[in-house]
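A short worksheet on the structure shown next.
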Amino acid sequence: MPREGILVHNPYERMTKEQVRQIHHASMQILTDPGLISFNRRAAEIFASNGAEVTPVSSGDHPTWLVKIPEKLVLHALDSAPRIVKLGARNPDNALIMNGEEPRVYFVTGSETNIWLDVEFPTYVKKSDPKIEIQVPEFHPRRGTVADLCQSAHVCEHLETLDGYIRTVNIQDKDITEDNKDVNKFFASLNNTTKHVMSGLTSLSQLDNVVNMARIIAGGEEELKQNPIISFITCLVKSPLQFVEDTTDTFMEVCKRGLPVVVSSSPQAGTTAPMKEAGIMAQINAEVLAGITLGQLVNKGTPVLYGSVPVRARMDNLDDSYGAVETSQYNVDCSQMARYYKIPNYSTSGVCDPRTPGTQSSVERLFSDILVTLSGPQYLHCAYGLLECNSVFCLTQAVLDDAHFQMIKFFLRPARIDETEIAESLKQIREVVATPQKLYISYIRRAMRSRQISPPYPFEGDGEGDNVFALAHKRMQELLAKPVDHIDRATTARIFEEILGLLRRQVDGLKTEG
Amino acid sequence: MSEEIIALLKENVIQGRKTIEDEGVDESLDGTPGVLELTQSAIEKGIPADEIIMHGLTAGMQIVGEKFAAKKYFIPDMLASAEAVGRAMDILKPHLEASNVETRGKFMIVTVKGDIHDIGKNIVAILLKGAGYEVNDLGIDVATEKIVEAVREDKPEYLGLSALLTTTRVVMGEIIEALKENGLRDKVKVLIGGTAVSDEYADEIGADAYCEDGFQAIKKLDAFQAAKA
Ligand code: B12
């Protein structure tokens, strides 16, 4: 049994059918005029040998080619890309089955933040009345480490609404190099959660090491195919409309191995994409379709996700603004486009602009979480713990986010109105009206026990003050203290024997825990 | 045999099941007789009413109170149990005199003239009945003269007044004055409640106690009972 996620019965859509067609046609036009610039030779060659019009643009250190992709090629690719993509998991009950036609949402972490936020609660004394003391959350940013990534995977394993794990934090320990980073980040994640693990790849040279590790854990080559416990994200297209040299290589290699991969594009409206909705939508859609087409040309039928991370620029400094209302509009539109093509959508919500948790972060994340979920993307990433536009991760914030996804999931339960419910209600109404007190209270319990009543906000304090952060932090520590199912010792030993570059301390920690 | 019924009675009070049709806190008792059926068969088996009350109903309620205090139970659980006990007391009432048992006291409750809010008052009534008080609910929007009359006739030890409007709470003071005028004030303790009133307001109008909710009412009543003894 895969995870359930939440099925959105009537997904919210902004565009009319006609507008969807208009975006599609605009994207098709973009793919031939102006087309894409490819910094990747192999990609250009593959497109050329499949009937695209490819012309060299410049030579030298960074040769480039202009690639014009005809609609026929794109439609062909859309035909062969699977509608149903399975993301496996170490615990098979945590597998995710995504159907491009079914708006069932899975909630996932992201991204790869440089900064990890520690939280402390120092005590402040009121100047005018020193008897009064309060605890105020204080946030301390620092560079992320392997230990942080393990901790975060551990806590995420226990977050009820969280369906899959994208490595949250960039590991920057002194002994982490380009050559051992990938194996260590995948191992840290896989060893501390039994949910699906997705990540980008730092170095293509590490791809086979990572895949081999996954093979050992899954129990063999065929087992990994049936239960792809890992998958990859690649930003092969840089906006506007450029195939990047190295990530395109990585993407093609992942496709060759048949593992699920996200074709992700992240244009910024105002700087790397047009400011207006029609413009950014036509462009991002062209970019993602170009990537999907390449993937299918490399390996027909390879599982891909329509990856959309559109954002609007901040007007003051031209940074990404995930808190901008338009960012949610674009994401909702992309989810609709992906559904039109029947390809599972990797979408974005929850990220906020401020650097620390607080009122602004709560408002911005909840706003986008609700709206983007309602649009029914299959894989909603970045949804836990992210701050300051993907550059900061806070585990306490992730615990808070879990609480509001519980609310969203509860809200999306289908209406329970049918013959039986009506009959039961009428009986209740008649019974209660005949009593002297006229209260329905005795029926509350039945609904409560059968989980038909949404639980109270879990971080509501006893007193008058807002104690939400302190309570969420306590909850986070409780989850950290709860054990997780690590990879068993024999398998771990084998991984350490066969895969080079893994840090010993990743399992020394295991020893002290066990 | 009788021990078994009493034990079941206690368990059903804890589960808040009135009748065979009710669901409890969990499914363990589903489809078995509830507090009302069990009380009936206990009487038929000749078990004395005081034993039914002490070892069945009150013992069960005691545990419900503990669970509520420990936040394992919510108000609906507490009320379900209280309601079951209250209804069982109705069944037991004719048998009480025979077994020489006294209730904890008569409690008259009413929402004052001009005020129709009664959710809180009704909850308090259910809780007090479940706690063993004999509750007489006069209803809502009841004229002061009627209340005085009822006190004279029924002789309750306690009179509970409810008001949720700042415009109707003044009636509470008038009721206390009217009780004085009719020589009844020292015969009855007056408790007031509702969002419009407070401890200070109780002092101001000379009521005996203000209660934030039904649970506080039970505590204050217990204190009055203890002072009496
Ligand atoms: C529900 C409600 C109604 C319902 C009442 C339904 C009913 N069957 O009772 C309806 C919609 C009918 C209603 C009508 C009105 N309402 Co109204 N209502 C409320 C509301 C939202 C909740 C009250 C409630 O039931 N709470 C839940 C129960 C469980 O709590 P409770 O009543 O406080 O009771 C607990 C304790 O107080 C205590 N307690 C209460 N009584 C007693 C008595 C004793 C003896 C003891 C020991 C303990 C005790 O124990 C209870 C259990 O824990 C309140 C808001 C509020 N914050 O209270 C407004 C409120 C009381 N209503 C208000 C108003 C203005 C009105 C109307 C005048 C509106 C209008 N313009 O028509 C009318 C009143 C008509 C009238 N003549 O009475 C105002 C009063 C403001 C004021 N001036 O003081 C309030 C405060 C809302 C507001 N902020 O504006 N109302």
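Quick check on packing: order A:425-433, B:165-173, A:388-396, B:143-151 by the mean number of other C-beta atoms within 10 Å, highest mean leading.
The packing order, highest mean first, is A:388-396, B:165-173, B:143-151, A:425-433.
If I fit a long axis through the Cα atoms of helix B:144-154 and take the longest principal axis of the Cα atoms of chain B, what angle between them do I get, 0 to 90°, rounded to 10?
50
What is the spin-label model distance, in nm, from A:Lys174 to A:Glu421 if the labels are put 7 Å beyond Cα along the C-beta direction?
The two pseudo-label positions are separated by 6.1 nm.
I'd like the mean, over residues of A:345-356, of how many other protein chain beta carbons sit within 10 Å of each residue's own Cβ.
For this peptide, the per-residue mean of nearby foreign Cβ atoms is 0.
In terms of the Cα gyration tensor, with a ≥ b ≥ c the square roots of its eigenvalues, is the protein assembly as shown rounded because a/c is under 1.5, prolate because a/b exceeds b/c, or oblate?
prolate
According to a simple spin-label model (label point 7 Å from Cα along Cα-to-Cβ), what is the distance in nm between A:Asp129 and B:Lys93?
5.0
Per the helix-only calculation at 222 nm, which mean residue ellipticity applies to chain A, given -39500 (n - 2.57) for every DSSP H run of n ≥ 4 and division by its residues, nearest 500 deg cm²/dmol?
Calculated at 222 nm, the ellipticity per residue is -13500 deg cm²/dmol.
Let's see if you can work this out: charge +1 on each Lys and Arg Cβ, -1 on each Asp and Glu Cβ, no other charges. What is the dipole magnitude of segment A:258-331 about its Cα centre, in debye to the nearest 20?
In total the dipole reaches around 240 debye.
Please report the carbon-and-sulfur percent of the accessible area for segment B:2-98; probe 1.4 Å, protein heavy atoms only, DNA, RNA and ligands left out.
Within segment B:2-98, the accessible surface is 54 percent carbon and sulfur.
Hey, can you rank A:355-368, A:182-195 by average C-beta count inside 10 Å, highest first?
Per-residue mean Cβ counts within 10 Å order the peptides as A:182-195, A:355-368.
Distance cut-off 32 Å, Cα to Cα: go down the list A:Lys300/A:Lys482; A:Lys225/A:Lys474; B:Lys93/B:Lys121; A:Lys131/B:Lys121 and report the pairs above it.
A:Lys300/A:Lys482; A:Lys225/A:Lys474; A:Lys131/B:Lys121
Using only atoms on other chains, find how many Cβ atoms lie within 10 Å of each Cβ of peptide A:447-453 and report the average.
2
If you take every DSSP beta bridge fully contained in chain A, what fraction is antiparallel? Give it as a percent rounded to 5.
50
Starting from the Cα gyration tensor of segment B:99-183, take the square roots of the eigenvalues, sort them a ≥ b ≥ c, and report rounded, prolate or oblate (rounded when a/c is under 1.5, otherwise prolate if a/b is larger than b/c, else oblate).
oblate
Using a 10 Å cut-off on Cβ to Cβ distances, tally the other chain neighbours for every residue of B:114-121 and report the average as a whole number.
1
Apply the membrane-span-like helix rule to chain A: whole DSSP H runs, Cα extent along the own long axis of at least 15 Å, mean Kyte-Doolittle hydropathy at least -0.5. List the helices found.
A:146-158, A:207-218, A:277-298, A:359-374, A:395-411, A:419-433, A:468-481
Could you order the peptides A:110-122, A:250-262, A:136-148 from most to least packed, using the average number of other C-beta atoms within 10 Å per residue?
A:250-262, A:110-122, A:136-148
How much FRET efficiency would the formula 1/(1 + (r/R0)^6) give for B:Asp199 and A:Glu460, where r is the Cβ-Cβ distance and R0 is 30 Å, rounded to 0.05?
0.70
The values are calculated or read from the model by the stated rules, or taken from the named source; none is laboratory data. Bear in mind the structure is a predicted one, so any value in this text is a computation, not a measurement. In this analysis, Cβ positions are derived from the backbone assuming ideal geometry, glycine residues included, and neighbour counts consider all displayed protein chains. What goes into the accessible areas is simple: the full protein's heavy atoms, side chains included, and nothing from ligands, DNA or RNA. Shrake-Rupley method; radii C 1.70, N 1.55, O 1.52, S 1.80 Å.
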